[in-house]
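Working notes for the structure below.
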Amino acid sequence: MKKLKYKLITSIVLAIALLSTSVHAQTPRWSEQKANEWYAQQPWLVGSNYIPKSAINELEMWQESTFDPAQIDKELGWAEAMGMNTMRVFLHDLLWQQDAPGFRKRIDQFLTIASRHHIRPLLVLFDSCWDPLPQLGPQHAPTPGVHNSGWVQSPGAKALADPSQYPRLKEYVQGVVGAFAKDDRILGWDVWNEPGSDQTSNYPKTELNNKDKVARVAALLPQAFEWAREMKPMQPLTSGVYEVDTAKDENALEEIERIQVRESDIITFHNYSWPEDFKSEVVWLRRFHRPVICTEYMARSVGSTFDTVLPIAKQEHVGAINWGFVAGKTQTYYPWESWEHPYIKNQPPVWFHEVLHSDGKPYRQAEVDLIRQLTAKP
């Protein structure tokens, strides 16, 4: 009886939380005109998803004991030298809970470094990918031979499943966005990376049942947009669609995809497929009459390369932010399938992600030359 009563109370609390988060945003998103006028003022946006080589995940990048401004300065200098002008950088809600003033100070320090190198980052607030049980403090060492073995979700599964923690998540979003809402050093806010992404294959014991996860994220995502909008940021908000079926029209989008498209000021997307697929998705996304930026691409062994995709992005005036910059603890130069067979004895025949070795030497000089050539100012 007690167990039944507990389940009933839990269901009622969740229902109230989902009802409160499903209300359509009261603060309007940017008009198409405002979004396109903003984009017209930007250079062609080219960069990487960035984390320093010394960090395995967002927590290790930003916590006081492991924050490494000297390394960040060196690596962003390498990015500037090849013509990059933006970086997509992940934050985490637990960092705000742990030390809000210190986290805010370190973000400001990062922005100062990035600005010195003429780089304006796109900051990511939430993320549904990889380990569902993030923990503050020292992070574990990388699993040998495995792609992204330490990346963590934000919010984690426990917080996502607990509506009583949603006010804390709101404080995080509004605290970070509010602190930098008028800061021109920031390009924009990526509210949620791959919301509802299913991680049960890699984390079967700790990932939420995916149907529950999708339902909870679908309820929380529009509220996260509204929390950010209430701070009236001068920068645009977005959340990138991924795995969109371009053979169908927008009415066939999944619920989370519809929320992403409906709430985003600018349209962002992920595409790790062949160049012809990349171009067809760009054409498909043009129907929303807003600027289009690809915030994840470039996985060499599955057909997405700088050589083939970046010229298309420039021709279409689509921003291009590849996954991975410097080889380090994330080990995303290993392919996704390294989770099934780690590369211990032998290295993969070709790097999956990453542009540079840990010492700054290009993995492939021709790629760096191409980026520099395509981003060169007339």
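The values are calculated or read from the model by the stated rules, or taken from the named source; none is laboratory data. Here the structure is a predicted model, which means the values were calculated and not measured. Every residue, glycine as well, gets a Cβ built from its backbone with ideal geometry; the counts of neighbours run over all protein chains shown.
Key figures
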quantity	calculated
Qualifying residue in the stretch 267-285 (condition: at pLDDT 95 or above, under 19 Å from the mean Cα position of the chain (by Cα), part of a helix (DSSP H, G or I) and over 15 Å from A320 (Cα atoms))	no
Any hit, the stretch 320-343, residues being among the hydrophobic types (A, V, I, L, M, F, W, C), farther than 21 Å from T268 by Cβ and part of a loop (DSSP other than H, G, I, E, B)	yes
Qualifying positions in the stretch 163-193 - among the hydrophobic types (A, V, I, L, M, F, W, C) and either without any contact (Cβ under 8 Å) to a residue 12 or more places away in the chain or under 21 Å from I259 (Cα atoms) (or both)	L169, V173, V177, W189, V191, W192
Residue within the stretch 167-182 that is surrounded by fewer than 20 Cβ atoms within 10 Å (Cβ to Cβ), among the hydrophobic types (A, V, I, L, M, F, W, C) and closer than 20 Å to Q97 by Cβ present	yes
Residue within the stretch 81-88 that is touching an Asp or Glu at 6+ places or on another chain (Cβ under 9 Å), buried (at least 20 other Cβ atoms within 10 Å of the Cβ), among the basic types (K, R) and assigned to a loop (DSSP other than H, G, I, E, B) present	no
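This table checks each residue for (1) aromatic (F, W, Y); (2) assigned to a helix (DSSP H, G or I); (3) free of Cβ contacts under 8 Å to residues at least 60 places away in the same chain.
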{"residue": "W38", "(1), (2), (3)": "yes, yes, no"}
{"residue": "S48", "(1), (2), (3)": "no, no, no"}
{"residue": "I51", "(1), (2), (3)": "no, no, no"}
{"residue": "S54", "(1), (2), (3)": "no, no, no"}
{"residue": "F67", "(1), (2), (3)": "yes, no, yes"}
{"residue": "A70", "(1), (2), (3)": "no, yes, yes"}
{"residue": "L76", "(1), (2), (3)": "no, yes, yes"}
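Each row is one residue, and each column tells you yes or no for (1) surrounded by 24 or more Cβ atoms within 10 Å (Cβ to Cβ); (2) closer than 30 Å to K182 by Cβ; (3) of a type in the set (D, E, K, R); (4) in contact (Cβ under 8 Å) with a residue 40 or more places away in the chain.
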{"position": "Y242", "(1), (2), (3), (4)": "no, no, no, yes"}
{"position": "A247", "(1), (2), (3), (4)": "no, no, no, no"}
{"position": "N251", "(1), (2), (3), (4)": "no, no, no, no"}
{"position": "T268", "(1), (2), (3), (4)": "yes, yes, no, yes"}
{"position": "E276", "(1), (2), (3), (4)": "no, no, yes, no"}
{"position": "E281", "(1), (2), (3), (4)": "no, no, yes, no"}
{"position": "P311", "(1), (2), (3), (4)": "no, no, no, yes"}
{"position": "Q315", "(1), (2), (3), (4)": "no, no, no, no"}
